[in-house]
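The values are calculated or read from the model by the stated rules, or taken from the named source; none is laboratory data. Please read these numbers as outputs of a predicted model, since none were measured by experiment. Neighbour counts are summed over all protein chains in view; Cβ atoms, including those assigned to glycine, are modelled from backbone coordinates with ideal geometry. Note: accessible area is taken over every heavy atom of the protein model, side chains too, but ligands, DNA and RNA are not part of it. Shrake-Rupley method; radii C 1.70, N 1.55, O 1.52, S 1.80 Å.
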Amino acid sequence: MRERGRSSMRVRVEGDSMLPRLRPGDCLWVRRGAAVRPGDLVVARLPGEESRLIVKRAAWREKEGWWLESDNQRAPGRRDSWDFGPLPDRLLVGRVVLRYWPPGRRRRPA
């Protein structure tokens, strides 16, 4: 996932962990610091590899942070709170507000 911008950012999805909702190559517009509710898609820094961004679903909030889950638990290389526990607030980057596709790519039904 590649990071751009400041108060908002654009990222491109890599990997299959959020199928069928998000596909590799989908582009996301993310609002940094936006309020998060259970069920929202969020972008976060991967604990232990904080230069790497991940997109996950915010499942629920605990006092230690957000519990983040992949939509596709069987995806190869999937990493979420089942692997690293609740995500500390400092690693939550923002909430996904829009999905769009790069020019020349048409959305295919899931």
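For a quick check of your reading of the model, give me the residue pairs whose first member lies in the stretch 7-30 and is closer than 16 Å to Gly94 by Cβ and open to solvent by 20 Å² or more (accessible area, probe 1.4 Å), whose second is outside any strand (DSSP E or B) and at pLDDT below 95, with beta-carbon atoms closer than 7 Å and at least 6 apart or on different chains.
Arg10/Arg4; Arg12/Met1; Arg12/Arg2; Arg12/Gly25
Report yes if Asp16 is farther than 16 Å from Leu98 by Cα, among the acidic types (Asp, Glu), assigned to a loop (DSSP other than H, G, I, E, B) and out of contact with any strand residue (DSSP E or B) (no Cβ under 9 Å at 6 or more places or on another chain), otherwise no.
Answer is yes for this residue.
I'm trying to understand the selection: among the residues of the stretch 47-88, which are closer than 17 Å to Glu14 by Cβ, touching a residue at least 40 places away in the same chain (Cβ under 8 Å) and open to solvent by less than 20 Å² (accessible area, probe 1.4 Å)?
Leu53, Ile54, Val55, Ser70, Ala75, Asp80
Specify the residue that is modelled with the highest pLDDT; the eligible residues are those in the stretch 96-110 that are in contact with a Gly (Cβ under 9 Å, 6 or more places away or on another chain) and open to solvent by 50 Å² or more (accessible area, probe 1.4 Å).
Applying the filter and picking the extreme gives Trp101.
Within the group Pro38, Pro102, Pro24, which residue is assigned to a loop (DSSP other than H, G, I, E, B) and more than 18 Å from Val11 (Cα to Cα)?
None of the others qualify; the one that does is Pro38.
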